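Where a number appears in this text, it was derived from the coordinates with a stated rule and is not lab data. Model, not experiment: these values are computed from the prediction. All Cβ positions, even for glycine, are placed from backbone atoms using ideal geometry, and neighbour counts span all protein chains on display.
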Amino acid sequence: MTAVVDRLAGGRTGFSVEFFPPRDDEEERILWRAVRELEPLDPAFVSVTYGAGGSSRDRTIRTTGRIAQETTLTPVAHLTAVNHSVAELRNVIGWYAAVGVCNVLAIRGDPPGDPNGEWVTHPEGLTYAEELVRLVRELGDFCVGVAAFPHGHPRSTCLDTDVEHLVRKIQTGAEFAVAQLFLEPEHFLRLRDRMSERGCDVPLLPGIMPITTPRVLRKFGELSGAPVPPAVLERLEPLADDAAAFRAEGVVLATELCERLIAEGVPALHFYTLNRSKATREVVSNLGLLPARA
Ligand SMILES: Cc1cc2nc3c(=O)[nH]c(=O)nc-3n(C[C@H](O)[C@H](O)[C@H](O)COP(=O)(O)OP(=O)(O)OC[C@H]3O[C@@H](n4cnc5c(N)ncnc54)[C@H](O)[C@@H]3O)c2cc1C
């Protein structure tokens, strides 16, 4: 199984995609259609998020395992410390290894139900992602990634301290970082500079989500942790009643953002897909990132 850092080392800009584990047969069908549509485009990796409940967690293990065993794709399994003892975390990491997954995105997670609620550490668990990075690295030959926040983590009051925590995760053994969504490249580039000033030059992947519907636009601010910039609102809001025009403009906006990031030398673009492939395929095609045979 290939390590993500090796997939990112080729020199040309690539892309990666993020899925969530399907909740029922219909979602499973939608997910696998997206997987099969993206497979020939040769993404650097595909990651699968990790939920708070036991059944959702089983589905992450099952889905990443199926991707490892039934496709040519490189899977990355997310793992969080939420409501887990260290013994349980060891168990999940063992399952990932057993189904052929050697790349893990080690994240702290948020309190279930209320992401802004008080974080309560499991009595036999972990408090920060840094400890999870250490645990995964101790348990095997895993390539570990971590989360990064261009606008700062919502719980942090100081960007510099937040970057120091990010750098600590890398020093503990993480080999790449994936950024939360953003719309203004300057925030991402400033984060990369801050990491670099601290001697930290691991691949940092920008998080991209094409805004294809007014609903996604409303969610965007919530997810990114920053208000949607007025320049973006001015282009999208007038199209709110024309679904096709709104979607097309959302794809153009994402393409423009990616063009700037490619010019700035990012190793890959990480797409939050919502388990669909069409918008990602359109942006990747606009950018000329498709392999010749696709
Ligand atoms: C790419 C990406 C993927 C994600 N995938 C998932 C997923 O699959 N499932 C899910 O539930 N959530 C997911 N999340 C959300 C994530 O779990 C939350 O944003 C969470 O609040 C932060 O996780 P973290 O790993 O950055 O935490 P940490 O790195 O532990 O940071 C959490 C907070 O603590 C601070 N901190 C860190 N280390 C220390 C320290 N040593 N001392 C004091 N303060 C410290 C940080 O500055 C930050 O404010 C994802 C986020 C991103 C960006």
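Taking Thr121, Thr157, Thr60 in turn, the Gaussian network model of the chain (Cα-Cα springs below 10 Å) assigns the largest fluctuation to Thr157. What shape does region 38-194 take by its C-alpha gyration tensor, where a ≥ b ≥ c are the square roots of the eigenvalues and a/c under 1.5 counts as rounded, a/b above b/c as prolate, and the rest as oblate? Oblate, because a/c is 1.5 or more while a/b does not exceed b/c. When the chain is treated as a Gaussian network with alpha carbon springs shorter than 10 Å, the biggest mean-square fluctuation among Thr72, Thr212, Thr13 belongs to Thr72. Taking a ≥ b ≥ c as the square roots of the eigenvalues of the alpha carbon gyration tensor, region 135-294 is prolate, as a/c is not under 1.5 and a/b beats b/c. In terms of surrounding Cβ atoms within a 10 Å radius of their Cβ, Lys169, Lys278 rank from fewest to most as Lys278, Lys169.
Relative to a virtual label point 7 Å from the Cα of Trp119 in the Cα→beta-carbon direction, which members of region 83-101 show backbone nitrogen distances below 18 Å? Within reach of a label on Trp119, which here means backbone N under 18 Å from a point 7 Å along Cα→Cβ, region 83-101 contributes 83-86, 89.
Loop-only GluC sites (Glu not before Pro) in region 215-294, please: DSSP not H, G, I, E or B, and at most 12 other Cβ atoms within 10 Å. Passing sites in region 215-294 are Glu264. Per residue of the chain, the DSSP helices (runs of n ≥ 4 H) give a summed -39500 (n - 2.57) that works out to -14000 deg cm²/dmol at 222 nm.
The magnitude of the dipole of the chain, with charges of +1 and -1 set on the Cβ of Lys/Arg and Asp/Glu and taken from the Cα centre, is near 500 debye. Starting from the Cα gyration tensor of region 157-210, take the square roots of the eigenvalues, sort them a ≥ b ≥ c, and report rounded, prolate or oblate (rounded when a/c is under 1.5, otherwise prolate if a/b is larger than b/c, else oblate). Taking the square roots of the gyration eigenvalues as a ≥ b ≥ c, region 157-210 is prolate. Treating only the Cα positions of region 1-130 as identical point scatterers, give the base-10 log of I(q)/I(0) from the Debye formula at each q in 0.19 Å⁻¹. Scattering profile of region 1-130, log10 relative to I(0): -1.09.
Normalising by residue count, region 4-286 has a Cα convex hull of 130 Å³ per residue.
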